[in-house]
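Colleague: Please find one structure pasted underneath; my questions will follow.
The values are calculated or read from the model by the stated rules, or taken from the named source; none is laboratory data. Fair warning: this is a prediction, and the values are worked out from it, not measured in the lab. Heads up, the Cβs are rebuilt from the backbone with ideal geometry, glycines too, and the neighbour counts pull from every protein chain shown. Surface accessibility is based on the protein's heavy atoms, side chains included, excluding ligands, DNA and RNA. Shrake-Rupley method; radii C 1.70, N 1.55, O 1.52, S 1.80 Å.
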Amino acid sequence: MHDLVRERLRAGLAERGVDGYLPQTEANLFYVTGYQSGWVDLSWRWMGLETGFIPTDPDRQPVLLVSDYSEADARFQSDLEEIRTFSIWVECRSTDLVMDPMRSSRLVRPEQYDPAEIYGKIRQIVADSGLARSVIGTDLGVMRKETYDGLVEALPDCTFVDVSDLLYELRKVKHAEEVRRLRNAAHVFDEALRQSMAQVREGTTLADLRANFDSVAIDLIRRSPDLGDYQGTFGFNSIGRGDVNRVGHGDIVKVDAGVRLNGYWSDCARVFSYGPPPDVAVQIHDALLSGFESAEAAMRPGATMREVYTAAVEAVRSRGFPNYSRGHVGHSMGLDDQIEEPPFIGPNDTVLEPGMVLALEVPYYPAGLGGFNIEEVVLITDDGVETFNRSPRTLTELPS
């Protein structure tokens, strides 16, 4: 998968006159190398934790730069042949070496990491690629000023340009393996939702909702390891008006959550009521469902995001909410920790293509009543759309 990604990346860089790519985010580092960096994932705004370099010329070797602690993991995960290392504070060498009193092999390790060493490694990698005077693409939009200044000092004859939009353009159409991971993540959401919501009682808290969901997801993946490696969840849940933290009779309970498997997130939402819902809640949910289904019907290769967006918003307005407004009704998804990735299903002319995986959503958060959202993960196919979720789209009444 990642070899194909690099082929597409090189073509995009060549069209822009860019000589190589230096990833800055965990998502893009993983996407172009196959290595999922735990260091960058935790603290990607810290310069130098780990990166790589992909020359545009396919005859030049791509390089992965990681800490000496991460080298074994990087060699296991990535298909890149050349992996270079820098030192961090962690002692990770073999016991044979560290325990042998006859060998003088003490390292002077940095307290955390040494930026000078890392910039020097990057300078050498670029020079070894014959690109010490070149145009280098990177993710300038998320780069710290200190990082940029360090790169400019290390490579004074290089010009750095932002290619974040190119990476998102490449990432919007998924490889078959990405589709499989996203489909599994949506499946885990469905099952975790079903089992965790069956545990809701009067007095259940937001913390309970999250903990129960996580517990079911972890157990499901433990029992079915082929689904992928569990890497966490997010939850944007709400109970009632939002000024209480416990489920009470008549409350609207919204679950907007996702599961991360092997780097890829799901992002889905369903709405429940604890006991019979108020009439206005039923009206809201019916309107949002109409909007969702209208948008779903408009999704096909060749359609624009604008057409899908308009179908959703106009349907909601026609069902008793003529002033309903919403900036977008969905987004691309996959690798970003922020869950939402460009392109967005809004009033823009991005064309839907087979292989796109999107989170389609039609939310409404009326003050004083609670949160409402119908959201699913969908795949654009050759002739329409496939939804990955199987949870009922209804406003589901929980027994009270």
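Colleague: In segment 85-127, which residues are closer than 24 Å to residue 147 by Cα, of a type in the set (Gly, Ala, Ser) and either in a helix (DSSP H, G or I) or modelled with pLDDT under 85 (or both)?
Modeller: 116, 120, 127
Colleague: In addition: Here are some residues: 189, 234. Which one is within 29 Å of residue 34 (Cα to Cα), at pLDDT 95 or above and aromatic (Phe, Trp, Tyr)?
Modeller: Among 189, 234, only 189 is within 29 Å of residue 34 (Cα to Cα), at pLDDT 95 or above and aromatic (Phe, Trp, Tyr).
Colleague: If you check 4, 13, which single one turns out to be touching a strand residue (DSSP E or B) at 6+ places or on another chain (Cβ under 7 Å) and either open to solvent by less than 20 Å² (accessible area, probe 1.4 Å) or more than 24 Å from residue 146 (Cα to Cα) (or both)?
Modeller: Matching residue, one of 4, 13: 13.
Colleague: Please name all residue pairs, on different chains or six or more residues apart, with Cβ atoms under 8 Å, provided the first residue is in segment 163-189 and is polar (S, T, N, Q) and the second residue is open to solvent by 30 Å² or more (accessible area, probe 1.4 Å).
Modeller: Filtered contacts from segment 163-189: 164/140; 164/141; 164/142.
Colleague: Starting from residues that are of a type outside the set (A, V, I, L, M) and in contact with a Phe, Trp or Tyr (Cβ under 7 Å, 6 or more places away or on another chain), keep the ones in segment 25-36 and report whichever is surrounded by the fewest Cβ atoms within 10 Å (Cβ to Cβ).
Modeller: 36
Colleague: From the set of residues in segment 246-273 that are touching a strand residue (DSSP E or B) at 6+ places or on another chain (Cβ under 7 Å) and of a type in the set (Ser, Thr, Tyr), which is nearest to residue 178 (Cα to Cα)?
Modeller: 266
Colleague: Where the second residue is part of a loop (DSSP other than H, G, I, E, B) and among the basic types (Lys, Arg) and the first is farther than 18 Å from residue 399 by Cα and open to solvent by less than 60 Å² (accessible area, probe 1.4 Å) and lies in segment 190-218, which pairs have Cβ atoms under 8 Å and are six or more apart or on separate chains?
Modeller: Note: pairs meeting the criteria are 190/390.
Colleague: Moving to a separate point now. Select the strands (runs of 3 or more DSSP E) contained entirely in segment 250-354, then report the ones holding at least 1 residues which are in contact with a Phe, Trp or Tyr (Cβ under 6 Å, 6 or more places away or on another chain), open to solvent by 30 Å² or more (accessible area, probe 1.4 Å) and more than 28 Å from residue 240 (Cβ to Cβ).
Modeller: 341-344
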